[in-house]
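Worksheet: one structure, shown below.
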Amino acid sequence: MTRLKIGICGGGVGGLCAAIALHEAGHEAIVFEQARQFLRIGADVNLTPNAVRALDRLGVGEVLRQTAARPTHRLSRTWDSGEITSKLPMSDAAEEKYGAPQLTIHRGDLLKALEARLPESAIRLGSKVAWVEAEGERPVIHFEDGREESVDVVIGADGIHSAVRRSLFGDDHPEFTGLVSYRAVVPRSAVPEVENLDAFTKWWGETADSQVVVFPLTRGEEVFIFATTPQEGWREESWTLPGDVEELREVYQDFHPDVRALLAACESVTKSALYVREPMAQWSKGQVTILGDAAHPMVPFMAQGACMAIEDAVVLSRCLAEADRETVPAALARYERARRERTAQVQRGSRANNWLKGEGNADWVYGYDAWGVAID
């Protein structure tokens, strides 16, 4: 086997998972991350059984279980009456059925666990990618500070505003949904009167555009809140921009008392516009490919964004496991064939925003095994 030098642009969940899997396959994988240090930013990552099973094989599952929460159920509830319209057992029931539970975890804890699985030399911080040169014998990564790095393979794991995707296919043209989202975290101790805080609960509004999702974090000591509502005046797409807590409370003032109690406990909130993109027909050119949000950015209504990136990373590493420089393009083509249909189905399902509103079958999502799925 030829040891490939693989440059991974982006040190998020998908990029770090790909680096771990590729290192274990015997390749030299280097993560180029624009941040100068990994900070505890963001809030939640919802890891459903399909992702947890993949992470277990990467050797981080035990560490994640030390800080994550383990939701008991996946509930759908009506916004005003609180009626439960679907109830899917998770926790032990999911572990028995799918081989892994659902874990809800702070993004910082997940990144810390992944980073610890890599040698220090495999992560280069302060390396912001400007563009990638895909032509020629070996691809070249160009950084904003003027540096460049020649590698055998480039993987763009650099998110919704991917410089690698732009280098391969030009600018994307996302469509604004007309929706904005809010994210907040509150201590569980601040809302003792609210029920079902050990479950992942989606409160469905009068229309599908209005919803509030609530689930536990940090061993159940914190509660994460994600909410969406129509609003035309805000177009910024970022998970870290500050929002207005009073605005948040006003939007959902007619929701169930449990929802209002949670929002009353919020001291700060972030706000982002939600955009949709159509599934891409192609992810790769030559020895360059993309994964995760760079390849299939999706609205968060199925809570599968990070999970799809983890699946991508595992399948891509399997395709590259025995590759050499001559066979890399064929390996990337196999990766695309194995992943495009599934991720497109999840993209479109997320956009439809009707996932498990009533009783439904989650097996096609939660039962997927990235380590065992057939690769032609």
Original post:
Rounded, prolate or oblate: which fits the range 129-206, taking a ≥ b ≥ c as square roots of the Cα gyration tensor eigenvalues, rounded meaning a/c under 1.5, else prolate when a/b beats b/c?
Top reply: prolate
Original post:
To the nearest 10 degrees, how steeply does helix 328-352 sit against the main Cα axis of the chain, on a 0 to 90 scale?
Top reply: 10
Subject >> Solvent-accessible area of residue 222 with every protein chain in place, 1.4 Å probe, in Å² to the nearest 10 >> reply: 60
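Provide the FRET efficiency to the nearest 0.05 for the residue 247-residue 120 pair, computing r from the beta carbons and using R0 = 35 Å.
Working from the Cβ atoms, E equals 0.20.
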Subject >> Residues listed by number, the range 268-292, amide nitrogen under 14 Å from residue 2 label point at 7 Å toward C-beta >> reply: 287-288
Original post:
For the range 99-240, what does the alpha-carbon gyration tensor say about shape, rounded, prolate or oblate, given a ≥ b ≥ c as the root eigenvalues, a/c under 1.5 as rounded, and a/b over b/c as prolate?
Top reply: oblate
Original post:
Which whole-angstrom value gives the distance between the alpha carbon centres of the range 331-376 and the range 182-211?
Top reply: 26
**OP:** Starting with the highest mean, order 356-367, 291-302 by the number of other Cβ atoms within 10 Å, averaged over the residues of each peptide.
**Re:** 291-302, 356-367
**OP:** Keeping all protein chains in position, work out how much accessible area residue 131 exposes to a 1.4 Å probe, and write it in Å² to the nearest 10.
**Re:** 120
Original post:
Using Cα pairs under 8 angstrom and six or more residues apart, how large is the relative contact order of the chain, in percent?
Top reply: 23
Original post:
Accessible surface of residue 84 in the full protein assembly, 1.4 angstrom probe, to the nearest 10 Å²?
Top reply: 80
Original post:
Which sequence of 164, 245 reflects their accessible areas, 1.4 Å probe, from the largest down?
Top reply: 245, 164
**OP:** Could you calculate the FRET efficiency of residue 84 with residue 128 from 1/(1 + (r/R0)^6), where r is the beta carbon distance between them and R0 is 45 Å, rounded to 0.05?
**Re:** 0.45
Subject >> Cα gyration tensor shape for the range 174-266, rounded if a/c is under 1.5, else prolate or oblate >> reply: prolate
Original post:
What percent antiparallel are the DSSP beta bridges of the chain, to the nearest 5?
Top reply: 70
Original post:
When the chain is fully extended, how far beyond the present Cα-Cα distance does residue 172 get from residue 144, taking 0.36 nm per residue of separation?
Top reply: 8.0 nm
**OP:** Over the chain, with every protein chain in place, what whole percent of the accessible area is carbon and sulfur at 1.4 Å, could you tell me?
**Re:** 46
Subject >> Heavy-atom accessible area order for 324, 258, largest first, 1.4 Å probe >> reply: 324, 258
**OP:** Give me the distance in nm between label points sitting 7 Å out from Cα along the Cα-to-Cβ direction at residue 333 and residue 161, one decimal.
**Re:** 3.5
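The values are calculated or read from the model by the stated rules, or taken from the named source; none is laboratory data. Treat the numbers as computed from the prediction; the structure is a model and nothing was measured. Cβ coordinates were reconstructed from backbone atoms using ideal geometry, including for glycine residues, and neighbour counts include every protein chain displayed. The area values use the complete protein model at the heavy-atom level, side chains included, leaving out ligands, DNA and RNA. Shrake-Rupley method; radii C 1.70, N 1.55, O 1.52, S 1.80 Å.
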